[in-house]
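The values are calculated or read from the model by the stated rules, or taken from the named source; none is laboratory data. In this text, all values refer to a predicted model and were calculated from it rather than measured experimentally. Cβ atoms come from the backbone with ideal geometry, glycine included; neighbour counts cover every protein chain shown. Ligands, DNA and RNA are stripped out before the accessible areas are found, and what is left, the full protein with its side chains, is counted by its heavy atoms. Shrake-Rupley method; radii C 1.70, N 1.55, O 1.52, S 1.80 Å.
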Amino acid sequence: MNETNLEGAGFMTRAIHAGQEPDQAFGALAVPIYQTSTFCFDSVEDGMAKFDGTKDGYVYSRGGNPTRRALELKMAAIEGGEDCVAAGSGMGAISSVLLTLLAAGDHVIVGDCVYGCTNVVIRDVLPKFGIEVTPVDTADLDAVAAAIRPNTKMVYFETPTNPLMKVTDIAGVKRVAGENIRVVVDNTFAPPPVQRPLACGADIVVHSVTKYLNGHGDVIAGVVVGTADDIAQIRNIGVTKVSGAICAPFDAFLIIRGLQTLGMRVERHCANALAVARYLESVPCVKRVLYPGLESSPYHELVKTQMNGLGTGILSFELADNVNGLSGFEAGKKLLNALRLSHIAVSLGDPASLIQHPASMTHHNVSPEVRAEMGITDGLIRFSAGLEDAEDIIADFKQAFATL
Ligand code: LCS
């Protein structure tokens with residue numbers, strides 16, 4: 001099957017075949033790892049033509065590499081975009097988008113709850129370059145509309161958000177933003193086959209590939225997917241020249257391997273998270289469970305319409321203020337330390353279940369005031385459901401709760 005006859009193919013077929021042709025040298029089916037810094041030219045004329053763009057071909061691996069290109073083509077097909085550029089981390093991808101598309105005097109609306117480092121880049125660093133920033137709860141479309149100014153160039157948000165799991169109506173934001181404001185969605189928490197922001201009207205999708213897309217907990221990487229024009233600019237300026245945050249060939253190879261099982265993995269992560277969320281709702285000392293797939297969640301309808309009914313593999317929860325004489329925070333520490341199967345670690349989307357404390361870990365670099373404004377309490381715990389058997393994950397929680 002080649003690129004041309006993937007038209008109309010299903011999700012799993014695209015994830016397996018897009019970007020991958022048997023290699024021309026030996027017919028290898030797996031994408032070869034082109035571990036090289038540079039590419040030789042046949043002649044001076046050949047090099048000149050590749051530099052001035054009159055001839056296709058690779059020149060230098062910061063600008064382009066065949067293994068990375070196979071990953072980019074596969075990701076463009078998976079997200080349904082015209083093109084993709086891969087980066088060396090999610091932060092490399094996000095910074096490259098911002099530094100390419102924004103200029104002094106522009107205004108950005110940013111979701112009021114985003115990953116800690118994204119928060120630092122947008123709310124602390126962009127203003128240093130003369131870019132105005134307004135944090136808004138993008139789940140509230142009236143608030144987005146009210147924040148728009150004549151110089152607004154971008155609305156940037158995560159859905160679901162890290163770590164509060166709020167869900168934004170992507171099509172609604174695009175409707176409010178209109179044609180001239182780019183809508184950029186961080187889709188890390190709900191990758192296809194869950195959610196496809198471009199199909200909902202978003203202009204650009206970014207991912208921390210480190211998470212579900214690679215899915216095996218052994219790579220740090222990012223991607224940006226969008227129109228051919230936007231991606232060409234982001235590749236040439238943000239990724240290749242400004243940040244230099246490129247995705248290495250070996251990492252691209254591992255991600256290509258991981259993407260081929262994305263659909264099955266993500267469905268299993270979501271099913272396990274739902275089972276754990278339901279269990280946690282039944283635990284008396286759990287004050288609240290934040291999981292959009294629960295019937296009790298205010299986002300349950302959007303899960304059905306925008307998230308393919310699947311939800312996500314991550315949930316957050318908070319313990320009661322007093323658990324047998326312990327504060328919610330102290331009880332949370334004791335609970336995490338007592339778990340035997342789930343690891344205390346940041347990141348998410350790994351085969352193993354991971355659990356962490358946002359206030360002291362993923363969002364520790366956000367000031368306590370901004371954390372309070374975001375709604376990240378000291379007692380909040382975030383859990384990334386792995387691919388283990390749900391009964392085993394729940395049994396581990398049960399024995400840990402019994403120690404409180
Ligand atoms: N976007 C989201 C939603 C994230 O959760 C992260 C990392 C990033 C972007 C940045 O991606 P990276 O550069 O790490 O590939 N989130 C992390 C987390 O929650 N725990 O550890 C990292």
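What to note about this one:
- Extension gain for ALA345-GLN399 works out to 17.5 nm (0.36 nm per residue, less the C-alpha to C-alpha distance).
- Normalised contact order of the chain, rounded percent, pairs of Cα under 8 Å and 6 or more residues apart: 16
- HIS364/ASP389 FRET efficiency (R0 35 Å; Cβ-Cβ; nearest 0.05): 0.60
- Computed E for GLU7/ARG62 - FRET, C-beta separation, R0 45 angstrom, nearest 0.05: 0.85
- Applying the criteria of a DSSP loop state and at most 12 other Cβ atoms within 10 Å to the GluC sites (Glu not before Pro) of segment 248-346 yields GLU295.
- Listed by chain and number, the lysines whose C-alpha is less than 28 Å from the C-alpha of LYS333, apart from same-chain residues fewer than 8 away, are LYS166, LYS211, LYS287, LYS398.
- Where labels lie 7 Å past Cα in the beta-carbon direction, separation of ASP52 and THR377 in nm: 6.6
- Comparing THR227, THR377, THR38 in a Gaussian network model of the chain (Cα springs below 10 Å), the most mobile by mean-square fluctuation is THR38.
- Label-point separation, LYS287 to THR36 (7 Å along Cα→Cβ), nm: 5.9
- Computed over neighbours whose Cβ is under 11 Å from that of SER342, the net charge equals -3, Lys and Arg +1, Asp and Glu -1.
- Derived value for segment 149-232: Kirkwood hydrodynamic radius 13.4 Å. Basis is the mean of 1/r over every pair of different alpha-carbon atoms.
- Area accessible to solvent at LEU99, 1.4 Å probe radius, in Å²: 80
- Beta bridges per DSSP with both ends in the chain, % antiparallel, nearest 5: 55
- Between GLU45 and ILE237, the FRET efficiency from the beta-carbon distance, with R0 = 22 Å, is close to 0.20.
- Charge dipole (debye, nearest 20) of segment 184-258; +1 at Cβ of Lys and Arg, -1 at Cβ of Asp and Glu: 120
- Listed residues GLY92, LEU102, ALA145: farthest to the positive end of the dipole of segment 11-259 (Cβ charges): GLY92
- Electrostatic tally near HIS363: other residues with Cβ closer than 10 Å to its Cβ, Lys and Arg +1, Asp and Glu -1, net +2.
- Taking VAL44, VAL176, VAL205 as the candidate residues, the one with maximal mean-square fluctuation in a Gaussian network model of the chain, Cα springs under 10 Å, is VAL44.
- Taking amide H as placed 1.01 Å from N in the peptide plane, the amide H of LYS287 sits under 5 Å from that of GLU318, LEU319, ALA320, each at least 5 places away or on another chain.
- Size check on segment 262-401: the Cα extents along the three principal axes, sorted descending, read 40, 33, 27 Å.
- Simple label model, 7 Å out from Cα along Cβ direction - THR261 to GLU330, nm: 4.3
- Cα centroid separation - segment 229-297 against segment 63-114, whole Å: 15
- Scattering curve values for the chain, log₁₀ I(q)/I(0), Debye with Cα scatterers, q = 0.08, 0.13 Å⁻¹: -0.43, -1.09
- Under the convention that each Lys and Arg Cβ holds +1 and each Asp and Glu Cβ holds -1, the size of the dipole of segment 11-259 around its Cα centre is about 260 debye.
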